[in-house]
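Below: one structure, written as structure tokens.
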Amino acid sequence: QGLKPLVPTESPAPIFGTSTLPSDLPATESFLGKNKVPDLQKVFQRSDGLPVHLKRGVPDKMLYRTTMALTIGGTIYCLVALYIASQPKNK
């Protein structure tokens, strides 16, 4: 009886950037697709003067503008609500 270790005591052999499956993997696990990291690194490291949160084009611009609109709208709403709440009540 007792607790079994959660991780194996022997570490598997390291795999460095290969696109072939190691021979010791079970047949049910397959390679899930092309590695997109090098392509994304090229996009984000391009020196075009854009901030990193706008580098991927129209979807990033839409998300940024929506976030800014909600932020400004929420600020205006809070200021108006505070102004209305600060007015004296007439009875």
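The values are calculated or read from the model by the stated rules, or taken from the named source; none is laboratory data. Not measured: the values here are computed from a predicted model. Note that each Cβ is placed from the backbone with ideal geometry, even for glycine, and that neighbours are counted across all protein chains shown. Ligands, DNA and RNA are excluded from the accessible area calculation, which covers all protein heavy atoms including side chains. Shrake-Rupley method; radii C 1.70, N 1.55, O 1.52, S 1.80 Å.
Below is a table of values for the structure above.
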| read-out | value |
| --- | --- |
| Failed condition for Ser11, given (1) exposed (fewer than 10 other Cβ atoms within 10 Å of the Cβ); (2) at pLDDT below 70 | (2) |
| Pair list, Cβ < 9 Å and 6+ apart or interchain, from region 38-49 residues that are under 14 Å from Asp60 (Cβ atoms) to residues that are open to solvent by 70 Å² or more (accessible area, probe 1.4 Å) and in a loop (DSSP other than H, G, I, E, B) | Leu40/Arg56; Val43/Arg56; Phe44/Arg56 |
| Selected residue (only one of Val80, Val52, Val43 is modelled with pLDDT of 95 or more and out of contact with any His (no Cβ under 7 Å at 6 or more places or on another chain)) | Val80 |
